[in-house]
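**Student:** Encoded as structure tokens, here's the structure I'll be asking about.
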Amino acid sequence: MTLLVPPEVMPISGVSYVLGEAVLAEVRTSDRVLDMGAGCGVNSILAASKGAAVVAVDINPLAVEAARANAERNRVRIGIRLSDGFSAVHGRCDLIIFDPPFR
């Protein structure tokens, strides 16, 4: 996976790898996945690589642009939106990914 992580976006850390492994283990092809606080889009890309329909949201416009670029770079289709919480999310999801920004 090739990623761009601008300095204004939370970097990938050791905890991120644990969450990434969980995403790969849990996501099914038929799932609709919401990646809340998507950052650079790493978990969205992992979910989309499993064939899931993915919606990624972040409050940071720079993160949204990084996620878009990374989805394109990794040739996956993801609906990426600027959103404060659930404000731009519609419908139901089978799985919600939230990598908390407390690091």
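**Student:** Does any residue of the stretch 56-63 turn out to be closer than 14 Å to VAL5 by Cβ, in a helix (DSSP H, G or I) and of a type outside the set (Val, Ile, Thr)? Please lay out each step first, then the result.
**Tutor:** Going residue by residue through the stretch 56-63, those that are closer than 14 Å to VAL5 by Cβ are 58, 60, 62-63.
Those left that are additionally in a helix (DSSP H, G or I): 62-63.
Within this subset, residues satisfying the condition of being of a type outside the set (Val, Ile, Thr) are 62-63.
Checked against the condition, which is being closer than 14 Å to VAL5 by Cβ, in a helix (DSSP H, G or I) and of a type outside the set (Val, Ile, Thr), the stretch 56-63 yields at least one hit.
**Student:** If you check VAL57 against the conditions, is it within 13 Å of the chain's Cα centre (by Cα) and more than 16 Å from ILE96 (Cβ to Cβ)?
**Tutor:** On the way: within 13 Å of the chain's Cα centre (by Cα): yes; more than 16 Å from ILE96 (Cβ to Cβ): no.
Judged against the criteria, VAL57 is not a match.
**Student:** Do the conditions hold for ARG68, that is, is it closer than 19 Å to MET1 by Cβ, modelled with pLDDT of 95 or more, basic (Lys, Arg) and not in a loop (DSSP other than H, G, I, E, B)?
**Tutor:** Answer is yes for this residue.
**Student:** Being in contact (Cβ under 8 Å) with a residue 60 or more places away in the chain and touching a Pro at 6+ places or on another chain (Cβ under 9 Å), is that true of even one residue in the stretch 62-71? Step through it out loud before you land on a result.
**Tutor:** To start, the set of residues in the stretch 62-71 that are in contact (Cβ under 8 Å) with a residue 60 or more places away in the chain comprises 66, 69-70.
Remaining after also requiring touching a Pro at 6+ places or on another chain (Cβ under 9 Å): 66.
Yes, because at least one residue in the stretch 62-71 is in contact (Cβ under 8 Å) with a residue 60 or more places away in the chain and touching a Pro at 6+ places or on another chain (Cβ under 9 Å).
**Student:** Could you tell me whether any residue of the stretch 13-36 is at pLDDT 90 or above and of a type in the set (S, T, N, Q)?
**Tutor:** There is at least one residue in the stretch 13-36 that is at pLDDT 90 or above and of a type in the set (S, T, N, Q).
**Student:** Here's a follow-up. Here are ALA88, ALA56, ALA48: which of them is modelled with pLDDT under 95 and either polar (S, T, N, Q) or in contact with a strand residue (DSSP E or B) (Cβ under 9 Å, 6 or more places away or on another chain) (or both)? Please lay out each step first, then the result.
**Tutor:** Details: ALA56 fails: modelled with pLDDT under 95; ALA48 fails: modelled with pLDDT under 95.
Every option except ALA88 fails the conditions.
**Student:** Consider VAL76 against the criteria (1) over 21 Å from VAL18 (Cα atoms); (2) at pLDDT 95 or above; (3) touching a strand residue (DSSP E or B) at 6+ places or on another chain (Cβ under 7 Å): it satisfies all of them except one. Which criterion is unmet?
**Tutor:** Here VAL76 meets the rest and fails (3).
Residues are listed down the side, and each one gets a yes or a no for (1) of a type in the set (Gly, Ala, Ser); (2) buried (at least 22 other Cβ atoms within 10 Å of the Cβ); (3) touching a Lys or Arg at 6+ places or on another chain (Cβ under 6 Å):
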| site | (1), (2), (3) |
| --- | --- |
| VAL33 | no, yes, no |
| MET36 | no, no, no |
| GLY51 | yes, no, no |
| PRO61 | no, no, no |
| ALA67 | yes, yes, no |
| ILE78 | no, yes, no |
| GLY85 | yes, no, no |
| PHE98 | no, no, no |
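The values are calculated or read from the model by the stated rules, or taken from the named source; none is laboratory data. Just so we're clear, the structure is a prediction, and the values are computed from it rather than from any experiment. Don't worry about glycine lacking a Cβ; one is built from the backbone with ideal geometry, like all the others, and counts go over all protein chains shown.
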